[in-house]
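Enquirer: The structure under discussion is supplied below as C-alpha cells; questions concerning it will follow.
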Amino acid sequence: MLYTRHNLLPHARLGVVVAKRFAPRAATRNTIKRVTRELFRNSALPPVDCVVRLSRPVNSKDGPATTARLKAELRDELGRLFAAQVAAQARSVAASPPCAP
C-alpha cells in the first residue's frame, strides 16, 4: 500500500513500514525494505512524501525467508504503485491552470 502527500522540498522522501505480523522473519523485512529503497531511487517521483506499508502477509516462518519470487512480486507491485504516482502527478500538472505573471 502506498500513501503519498505533496511536500515543498525539491525531492521525494520515502518511509517504509514492514510489520512483524506480515513478515515474521527479519531477513524478509530487510529484503522488502531494500527492494523498496532500490525502486524508489530508480523512479522519477515528483516531490512527494511516500510511505509504503504491507497490507497482507508475505510469507510465514516455515518457508524460506526470501525468494526470487518474493523479490519479483515486490518489484512488480512497487513499480506499479510508483508509476501510478508519477502518472497522477503528470495529470494534476496538466490539469492545473497556467500561472499568471
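Readers should treat all values here as calculations from the given coordinates under stated rules, not as data from a laboratory. This is a predicted model, so every value here is computed, not measured. So basically every Cβ, Gly included, is an ideal-geometry build from the backbone, and we count neighbours across all protein chains shown.
Enquirer: Are any residues in the range 36-61 under 19 Å from residue 21 (Cα atoms) and surrounded by 14 or more Cβ atoms within 10 Å (Cβ to Cβ), and if so, which ones?
Expert: Those that are under 19 Å from residue 21 (Cα atoms) and surrounded by 14 or more Cβ atoms within 10 Å (Cβ to Cβ): 36, 51, 52, 54, 58, 59.
Enquirer: Go through the range 12-49 and give me each residue that's closer than 10 Å to residue 66 by Cβ and among the polar types (S, T, N, Q).
Expert: Of everything in the range 12-49, those that are closer than 10 Å to residue 66 by Cβ and among the polar types (S, T, N, Q) turn out to be 28, 30, 31.
Enquirer: Tell me yes or no: at least one residue of the range 41-60 is in contact with a strand residue (DSSP E or B) (Cβ under 8 Å, 6 or more places away or on another chain), basic (Lys, Arg), closer than 30 Å to residue 8 by Cα and not in a helix (DSSP H, G or I).
Expert: Yes; the residues of the range 41-60 include at least one that is in contact with a strand residue (DSSP E or B) (Cβ under 8 Å, 6 or more places away or on another chain), basic (Lys, Arg), closer than 30 Å to residue 8 by Cα and not in a helix (DSSP H, G or I).
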